[in-house]
Amino acid sequence: MYPRRLAIFAVSFTLLTLISARAEEAPSSFPGLKSLAVPEDLTPFPGKLSYDPALTKVLDEKMAVEEGAPDARRLVSTRIDRENETRYFIDFDSGPSADPSFVITDEKTGAVLGSIGGESLIIPGNGFIYVSGRANRLHQEQAKYTIRDGKLVEIEQPFSYVGLKSKAKVPLKLLAKKDGGDVIANIPVGDAVEVILRDGEHLLIRTNFGLLGWWKMNTNVMADNAEIEGIYFAGD
């Protein structure tokens, strides 16, 4: 009896090891980059700047600011597009009230092209800037930017991906359409749900059974009165 249990355990352990190894070997979305951590005292959530070392000079310098102004740090000097010689300073600004953002400045002219709210930034050298953030958002969000005609421009997405497995903290009535339609499911308090994406104040939710339906949320909820665990405005 015991040898059989040991054999089953050994097989299970081997499978778990293979699965773990496969996960570790999975290619990154942006391979070959290095990262610089954003100081913890500048952001409410852990953050970092990832960059192509062949295009980037790490500065990591504290910037002089006026008395009472938010702390800021000059992280790197970099090219955003390996096909373009223009270099930019990437600064991290902690914001007046836990409002972290990255500021993009033309290194030659000193012109500020704009800022991107978030805690983590990725500059892979392909001409685009990618950001991830939770502060002042309803959930962890990712966005994509580029520079056009000397201006920082966001690449608009059709929806905001959420991908959060959570549970209902209030009863949820999922509908076939954002403005109504058939009732897809009634979710009681405490039931597990998966929030797939957000379109403004509407969430596309997947039930345990696998049905999809829309639900209109209150975008003003905070952590203590969230309607779905983990979906709340992380700001003030």
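The values are calculated or read from the model by the stated rules, or taken from the named source; none is laboratory data. Quick caveat: nothing in here was measured; it's all calculated off a predicted structure. Quick reminder, even Gly has a Cβ in these numbers, built from the backbone with ideal geometry, and neighbours come from all protein chains shown.
List of remarks:
- Candidate set from region 186-208 (those that are touching a residue at least 24 places away in the same chain (Cβ under 8 Å) and more than 18 Å from Gln142 (Cβ to Cβ)); member that is surrounded by the most Cβ atoms within 10 Å (Cβ to Cβ): Ile205
- Qualifying residue in region 126-144 (condition: surrounded by 16 or more Cβ atoms within 10 Å (Cβ to Cβ), more than 28 Å from Tyr232 (Cβ to Cβ), touching an Asp or Glu at 6+ places or on another chain (Cβ under 9 Å) and among the hydroxyl-bearing types (Ser, Thr, Tyr)): no
- Ser77 being small (Gly, Ala, Ser), free of Cβ contacts under 8 Å to residues at least 40 places away in the same chain and within 30 Å of Lys216 (Cα to Cα): no
- Counted as qualifying within region 80-119 are no strands (runs of 3 or more DSSP E), as none has 1 or more residues that are not assigned by TED's automatic domain parsing to the domain that holds Gln140.
- Hits in region 100-114 (condition: among the hydroxyl-bearing types (Ser, Thr, Tyr) and surrounded by fewer than 16 Cβ atoms within 10 Å (Cβ to Cβ)): Thr109
- Index of the failed condition, Val183 passing every other in (1) over 26 Å from the mean Cα position of the chain (by Cα); (2) crowded, with 16+ Cβ neighbours inside 10 Å: (2)
- For region 52-107, taking the residues that are among the basic types (Lys, Arg) and over 24 Å from the mean Cα position of the chain (by Cα), the one that is modelled with the lowest pLDDT is identified as Lys62.
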